[in-house]
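Read-outs: derived from the displayed coordinates by stated rules, not from any lab. Please read all numbers here as calculations on a predicted model, not as lab measurements. When we count neighbours, we look across all protein chains shown, and the Cβ atoms used for this are built from the backbone with ideal geometry, even at glycine.
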Amino acid sequence: MKIRTHTRILHSLLATIVASLAIPAHAATVAHWRFEGSDFLADSSGNNHGLTNNGSVTQVATTFPNPVLQTGQANLNAASFDGSNYLSAADNNAFTNSQFTLEAFFSPSSLPGSTETRTIAGHFGSSGSFDNQRSYGLFVRGSSLRVMMSNNGAGFGNVRIWDVGTIAANARYYAAMAVDTSTQTATIYLQDLSTDTLQVFVQTDAFSTLHNSTAPFTIGSTGQGTALWQGMIDEVRLSNVKLTQDQLLVIPEPSAALLGGLGLLALFRRRR
Ligand SMILES: [Ca+2]
Ligand SMILES: [Ca+2]
């Protein structure tokens with residue numbers, strides 16, 4: 001009887017392990033800019049949202065997790081910005097969805113002033129030829145992560161602004177904004193990779209519509225090439241669903257659960 005019970009537990013454990021080993025579905029990925037290989041501006045999603053290098057953004061050795069926890073892909077390279085350059089992908093309707101998740105690794109080489117904003121990534125124009133073309137993005141404002149989204153592109157009450165967490169120069173971070181406009185919920189993840197500390201902020205006052213910006217999707221700047229980044233950015237991924245925590249690029253639950261399961265399995269084996 002005892003052995004049968006153990007066998008049943010073993011079977012259910014094995015099923016859990018096999019499920020957690022399954023390759024995640026990528027149908028929801030709109031674009032994934034990884035900065036790997038000889039064409040470091042390519043979109044690895046297969047959707048052809050390749051980047052234009054405005055200035056001289058450089059490919060450098062990454063300091064972010066290798067391999068990427070969620071995908072198991074080797075992560076060797078990142079993009080480095082000096083405050084005068086940025087990357088852009090031509091505007092596409094695929095960048096605007098009622099549910100979406102924007103993720104990125106980032107490490108600022110310095111912090112902006114308390115009233116200054118620097119851009120990690122977004123679909124966000126706010127002046128010049130992209131005036132009133134705000135949609136969404138991840139930024140650093142002073143020493144906070146700033147997350148913004150807009151229902152009609154304009155400022156003055158039409159942009160949700162959330163300043164969360166504490167950012168330090170030269171530390172390494174993972175951030176994500178996961179939005180469902182039908183439930184008007186935005187979940188913001190901020191993980192300090194230097195200390196492995198995760199903070200989750202749930203905002204329930206997001207807009208029920210998302211502005212379809214005419215600006216390009218940009219990394220390291222706004223759509224009009226302002227609010228320029230200084231430091232490293234890696235693994236920028238846009239998905240057209242609100243990903244759950246265990247589907248994000250870096251949150252460690254899947255591998256931790258797997259290790260726990262294997263540890264338990266070893267224990268059962270020893271007892272038998
Ligand atoms: Ca990379
Ligand atoms: Ca657009």
Near VAL60, within a Cβ-to-Cβ distance under 14 Å, what is the net charge of the other residues, with Lys and Arg +1 and Asp and Glu -1?
-2
Only Lys, Arg, Asp and Glu count, each charged at its Cβ (+1, +1, -1, -1), so figure out the dipole size of region 28-250 about its Cα centre, rounded to 20 debye.
260
For Cα pairs less than 8 Å apart in space and 6+ apart in sequence, what is the mean separation divided by the residue count of region 28-250, i.e. the relative contact order in percent?
29
Under the rule of at least 5 residues apart or a separate chain, name every residue whose amide H is placed under 5 Å from the amide H of ILE167.
SER144, LEU145
Taking the simple approach of a point 7 Å from Cα along Cα-to-Cβ for both ASP39 and SER143, what is their distance in nm?
4.3
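I want the local charge near ILE167. Using Cβ-Cβ distances under 11 Å, sum +1 for each Lys or Arg and -1 for each Asp or Glu among the other residues.
On the way: positive: ARG118, ARG141, ARG146, ARG172; negative: ASP163, ASP192.
Summing Lys and Arg as +1 and Asp and Glu as -1 gives +2.
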Rounded to the nearest 20 debye, dipole of region 33-165 from Cβ charges on Lys, Arg, Asp, Glu:
300
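Looking at region 28-250, what % of the alpha carbon pairs are farther apart than 26 Å? Walk me through the numbers before you get to the answer.
Working: 6348 of 24753 pairs.
Percentage above 26 Å: 26.
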Cut-off 13 Å between beta-carbons: net charge of the residues surrounding GLU235, Lys and Arg +1, Asp and Glu -1:
-1
Once Rh for region 85-210 is found with the Kirkwood sum over Cα pairs, what is the Stokes-Einstein diffusion coefficient at 4 °C and 1.567 mPa s, in µm²/s?
87
Amide H partners (placed H, <5 Å) of THR58, local residues excluded:
SER80
Per q in 0.18 1/Å, what log10 I(q)/I(0) does a Debye calculation on the alpha-carbon atoms of region 17-159 return?
-1.28
In order through region 162-179: 3J(HN,Hα) via Karplus (6.51 cos²θ - 1.76 cosθ + 1.60), integer Hz, x for Gly, Pro:
10, 9, 9, x, 10, 10, 10, 4, 6, 7, 10, 9, 10, 9, 8, 10, 10, 10
